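Peer 1: Quick one: this structure, given as structure tokens, is what I'll be asking you about.
Taken together, the values in this text are just the output of simple stated rules run on the coordinates, not laboratory data. Note that this is a predicted model, so its numbers are computed, not measured. Note that each Cβ is placed from the backbone with ideal geometry, even for glycine, and that neighbours are counted across all protein chains shown.
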Amino acid sequence: MAGQGQGNPAVVGLAGFGMTTLLLQFHNLGWCGTGIVFCTAMMLGGGAQLIAGFQEFKCGNNFGYSAFVVYGAFWLALGLIWLVLDLQGAGVAAVGKHLQITAKDIGFFLLGFTLYTMIMWVASLRVHGMMAFTFTTLVLGFIGLDLVFLAGMKGLLTITAIDLIVCALSAWYMMAHVIFLQVFGKDVLPVGKPWLSPRPEPVGSLKGAAESA
């Protein structure tokens with residue numbers, strides 16, 4: 001099916017974010033190993049999201065540009081952390097003291113992204129309801145992971161994984177909303193009104209790009 005005009009990069013960015021987040025939670029629940037998460041993080045969660053983010057830049061959508069590039073880089077960084085940990089565990093000499101990683105270090109890595117996500121959460125409140133819901137579950141998920149790694153509250157891992165599965169499926173819902181809107185020509189999967197009423201924007205502004213995500 002041929003479309004007209006410019007495609008929406010969000011359909012790829014949301015797919016990458018949702019898939020990699022989903023697989024990582026399958027691992028956190030003990031259902032699968034990290035190998036498939038690593039490969040998906042490199043290609044889809046990292047690579048594809050970065051491409052989508054750079055395309056959002058061309059669309060003038062700062063929200064999508066920031067989100068897809070930063071979370072794409074998150075997955076690439078997480079994969080690199082796992083690689084360093086494996087090399088560290090194998091006693092590879094190239095992993096000197098400056099590259100050594102502890103569980104507490106991972107906690108601070110997650111904390112940094114928690115703070116970033118809180119900023120994006122505030123912005124999401126003025127996009128649409130499903131975007132706000134997705135970022136709310138993402139903030140809660142990062143807080144849960146912070147407590148697991150920094151406070152040793154491992155009992156929270158299961159409920160955190162369930163929360164992030166909901167987050168991943170919400171991202172896919174937004175992806176399907178954009179795709180179905182074009183394919184069926186009507187709003188099959190509504191995303192709801194913003195939780196905070198947006199200010200009026202001129203025609204052709206960021207508003208139109210953000211609402212289509």
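Peer 1: Scan the range 153-164 and tell me whether some residue there is without any contact (Cβ under 8 Å) to a residue 12 or more places away in the chain, touching a helix residue (DSSP H, G or I) at 6+ places or on another chain (Cβ under 9 Å) and not in a helix (DSSP H, G or I).
Peer 2: Yes, there is a match, as at least one residue in the range 153-164 is without any contact (Cβ under 8 Å) to a residue 12 or more places away in the chain, touching a helix residue (DSSP H, G or I) at 6+ places or on another chain (Cβ under 9 Å) and not in a helix (DSSP H, G or I).
Peer 1: Name the single residue, out of those in the range 3-37 being farther than 21 Å from ASP163 by Cα and either small (Gly, Ala, Ser) or touching a Gly at 6+ places or on another chain (Cβ under 6 Å) (or both), that is surrounded by the most Cβ atoms within 10 Å (Cβ to Cβ).
Peer 2: That would be ALA10.
Peer 1: Grab the helices (runs of 4 or more DSSP H) fully contained in the range 30-114, keeping just those with 1 or more residues being of a type in the set (Ser, Thr, Tyr). Working first, answer last.
Peer 2: Working: elements: 35-40, 49-59, 62-89.
In the range 30-114, the matching helices (runs of 4 or more DSSP H) lie at 35-40, 62-89.
Peer 1: In the range 48-93, which residues are of a type in the set (Gly, Ala, Ser) and surrounded by fewer than 22 Cβ atoms within 10 Å (Cβ to Cβ)? Can you show your working first?
Peer 2: At the first step, the residues of the range 48-93 found to be of a type in the set (Gly, Ala, Ser) are 48, 52-53, 60, 64, 66-67, 72-73, 77, 79, 89-91, 93.
Within the range 48-93, GLY60, SER66, ALA73, ALA77, GLY79, GLY89, ALA90, GLY91, ALA93 meet the criteria.
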